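Below: the structure, in structure tokens.
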Amino acid sequence: MGKSKQTGNHKSDKKKNIAKTWKTKRRTKDLDQIHSDMKPETAAKLLHQEVDYDVTGCAQHYCLHCARYFVDMRSLKEHFKTKVHKKRLKQLREEPYTQAEAERAAGMGSYIPPKTIEVKTQPLEEDMD
């Protein structure tokens, strides 16, 4: 009787998910990065970018909360009504995780619950006129 063929091993699990590990095209910004982008001075720069032909919509139609570019104003307005955008707004209501909070979790202080932040959809240029 010969040696049986080995059908799988633990190393093969990494090969199965290799497509997932290499996919970075649709990776979006993390919530703490978006919170830093929502500061007024940074938000003004992101919402009023120079024309860039390498980016969708020439970088003129940008959703600050989802960190996405859109082709035109109509598609940006439609995006504001979607479940994805509303879910992201809900996630952004909780203040970002800080080093001080990490130290409190490790037992170096008393627990303070995270504050909620009022987040609204960004104003559009058409609405401002």
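Some observations on this one:
- Residue in the stretch 100-116 that is in contact (Cβ under 8 Å) with a residue 24 or more places away in the chain and at negative phi present: no
- Those helices (runs of 4 or more DSSP H) of the stretch 36-128 in which at least 3 residues are exposed (fewer than 12 other Cβ atoms within 10 Å of the Cβ), considering only elements entirely within it, cover 40-47, 83-92, 99-105, 125-128.
- Any hit, the stretch 65-86, residues being at pLDDT 85 or above and in contact with a Pro (Cβ under 9 Å, 6 or more places away or on another chain): no
- Those residues of the stretch 36-71 which are within 17 Å of V84 (Cα to Cα) and touching a residue at least 24 places away in the same chain (Cβ under 8 Å), in sequence order: C63, L64, H65, C66, A67, R68
The values are calculated or read from the model by the stated rules, or taken from the named source; none is laboratory data. Predicted, not measured: the structure shown is a model, and the values here were computed from it. All Cβ positions, even for glycine, are placed from backbone atoms using ideal geometry, and neighbour counts span all protein chains on display.
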